[in-house]
Amino acid sequence: MPALVLLGAQWGDEGKGKATDLLGGSVDYVVRYQGGNNAGHTVVVGDQKYALHLLPSGILSPGCTPVIGNGVVVDPAVLLSELSGLADRGVDTSKLLISGNAHLITPYHTTIDKVSERFLGKRKIGTTGRGIGPAYADKINRVGIRVQDLFDESILRQKVEAALDSKNQVLAKLYNRRAIAVDQVVEELLGYADRLGGYVADTTLVLNNAIDQGQVVLFEGGQGTLLDVDHGTYPFVTSSNPTAGGACTGTGVGPTKISRVIGILKAYTTRVGAGPFPTELHDEDGEKLRTIGGERGVTTGRDRRCGWFDAVIARYATRVNGLTDFFLTKLDVLTGWERIPVCVAYEIDGKRVEELPYSQTDFHHAKPVYETLPGWSEDITQAKTFDELPKNAQKYVQALEEMSGAPISAIGVGPGRDETIQINSFL
Ligand code: GDP
Ligand code: IMO
Ligand code: MG
């Protein structure tokens with residue numbers, strides 16, 4: 001069992017942090033492979049709650065080495081403040097490894113993210129405003145700044161100059177903002193070099209060696225399948241590949257080394273930001289899911305949009321990720337509903353459709369076709385085995401499994417590490 005991927009099967013916030021933390025005690029490395037501090041992963045250990053944005057959730061497991069892979073975009077200021085916040089709480093952060101090839105989010109990326117969203121007006125994506133899109137755009141456009149550039153002042157200056165040349169024109173002439181001075185950016189970035197230097201490593205080599213030696217590596221996704229820039233609800237997506245293939249490009253570990261791909265799946269659906277969402281609820285049920293589920297963004301504090309479970313999306317996640325397992329989270333939140341609707345297909349222009357339509361137009365027109373399952377009223381947060389769940393909760397899980405196309409190997413019945421029913425081992 002050398003390498004596993006753990007990723008979001010919906011629109012993010014499925015409970016990846018909790019699931020990663022649960023496995024953290026049994027794996028040697030936990031690796032972030034894409035995204036940046038747009039992520040907000042909550043981990044609850046005993047009475048302690050941690051909100052991680054950039055650091056892999058494995059940082060809370062003492063035996064585990066956390067790694068930030070080349071596919072991640074790193075805001076050095078955020079990274080350092082997250083590290084010191086954890087150190088203040090007694091967490092050992094010294095093992096962290098950061099790829100020298102990871103790209104940096106600089107202050108101009110954050111500025112451009114915010115002004116370009118404002119410029120889009122009603123058509124905005126609803127980004128987290130953390131500079132993610134602009135940093136990835138520079139990477140693909142080959143004017144990005146990488147972590148390794150922090151250690152060569154001359155190269156750093158040339159690259160910042162190249163990046164700001166055109167950006168300053170855009171900022172001043174299009175967005176009516178002040179130009180950003182090269183010196184100021186270079187000085188700020190150089191100020192991080194000493195503090196980050198000790199963490200930087202050839203992470204591709206480290207991870208491949210570890211796998212060759214039989215150690216266990218867990219790749220932790222940020223965001224989710226439907227936010228993937230290739231496979232998600234484009235353009236209402238993030239600018240990276242949270243889907244399984246991203247784990248390879250974002251770390252330099254080949255697909256033949258990955259033996260398991262676990263999709264984290266909420267027992268209902270949420271989304272933050274703009275974009276289509278067929279099962280979204282604008283009624284009391286939506287409000288109830290938001291309140292009971294605590295559905296407020298960890299990163300931006302925005303209310304999450306809430307809706308019923310969508311099996312079309314789950315099946316799609318199984319397909320584009322090659323999922324081997326699901327980890328179904330937040331089943332406890334559904335306790336108390338007499339009947340629970342589940343979307344089994346869409347109706348698009350009068351036709352029943354079983355698979356996620358590839359056309360954006362069709363997806364915008366998709367209306368959910370619901371089957372209604374009987375609910376349960378018993379508290380399930382203490383359940384430790386599948387048999388301890390009320391019969392109707394068991395049936396709900398079995399129905400979701402049948403519709404979603406991969407076995408549900410674990411069930412979350414509360415936010416804590418122990419509030420999990422393990423059905424099949426992940427390792
Ligand atoms: P992530 O971004 O995928 O890591 O998910 P978030 O941390 O943004 O949101 C998931 C929320 O649900 C967090 O507040 C978790 O503590 C919480 N959570 C995770 N699993 C469960 C569960 O099984 N039941 C309940 N009630 N809460 C859970
Ligand atoms: P975790 O890892 C939920 C959403 C934003 C916006 C879109 C693009 O906690 O699941 P970006 O700032 O990435 O350019 O914003 O993606 N988004 C998330 N939604 N959970 C996340 O992360 C998200 N990260 C980005 O709300 O719609
Ligand atoms: Mg989150």
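The values are calculated or read from the model by the stated rules, or taken from the named source; none is laboratory data. Because the structure is predicted, anything quoted here is derived from the model rather than measured. Ideal geometry is used to build each Cβ from the backbone, glycine not excepted, and the neighbour counts take in all protein chains shown. Only protein heavy atoms, including side chains, enter the accessible area calculation; ligands, DNA and RNA are left aside. Shrake-Rupley method; radii C 1.70, N 1.55, O 1.52, S 1.80 Å.
Starting from region 342-423, pick out the chymotrypsin sites (Phe, Trp or Tyr not before Pro) whose DSSP state is loop and whose Cβ has at most 14 other Cβ atoms within 10 Å.
In loop regions of region 342-423 (DSSP not H, G, I, E or B), the sparsely surrounded chymotrypsin sites (Phe, Trp or Tyr not before Pro) are Tyr358.
Going by the alpha-carbon gyration tensor, a ≥ b ≥ c the square roots of its eigenvalues, is region 340-398 rounded (a/c under 1.5) or, if a/c is not under 1.5, prolate (a/b greater than b/c) versus oblate?
Prolate is the answer for region 340-398, as a/c is 1.5 or above and a/b outweighs b/c.
Hey, can you find the accessible area per residue of region 103-197 for me, probe 1.4 Å, expressed in square angstrom?
Result: 56 Å² per residue.
Suppose the chain between Val143 and Phe386 were pulled fully straight at 0.36 nm per residue; how much longer would it get relative to their current alpha carbon spacing?
Working it through step by step, the gained length comes to 82.3 nm.
Between region 179-197 and region 97-140, what's the alpha-carbon centroid distance in Å?
Answer, in whole Å: 18.
Leaving out ligands and nucleic acids, note down the accessible area per residue over region 300-405 with a 1.4 angstrom probe, in whole Å².
With all protein chains present, region 300-405 gives 47 Å² per residue.
Determine the order of Phe326, Phe236, Phe151 by accessible area, beginning with the largest, at a probe radius of 1.4 Å.
From most accessible down to least: Phe151, Phe236, Phe326.
Of Thr269, Val160, Cys64, which is farthest along the charge dipole of the chain in the positive direction, counting Lys and Arg as +1 and Asp and Glu as -1 at C-beta?
Val160
Find the eigenvalues of the gyration tensor of the Cα atoms of region 103-197, then list the square roots of 5 times those eigenvalues as equivalent ellipsoid semi-axes, largest first, in whole angstrom.
24, 14, 11
Ordering Arg290, Arg32 by accessible area with a probe of 1.4 Å, largest first, what comes out?
Heavy-atom accessible area, descending, gives Arg290, Arg32.
Over the chain, what percent of the accessible surface lies on carbon and sulfur atoms, probe 1.4 Å?
For the chain, the apolar C and S fraction of the accessible surface comes to 49 percent.
If packing is taken as the mean number of other Cβ atoms within 10 Å per residue, what is the order of 126-134, 291-299, highest first?
Per-residue mean Cβ counts within 10 Å order the peptides as 126-134, 291-299.
In whole Å, what is the distance between the alpha-carbon centres of region 5-34 and region 387-427?
Spelled out, the Cα-based centre of one part sits 17 Å from the other.
Place the peptides 405-413, 114-122, 218-226 in order of packing, highest mean first, counting for every residue the other Cβ atoms within 10 Å and averaging per peptide.
The peptides rank, most packed first, as 218-226, 405-413, 114-122.
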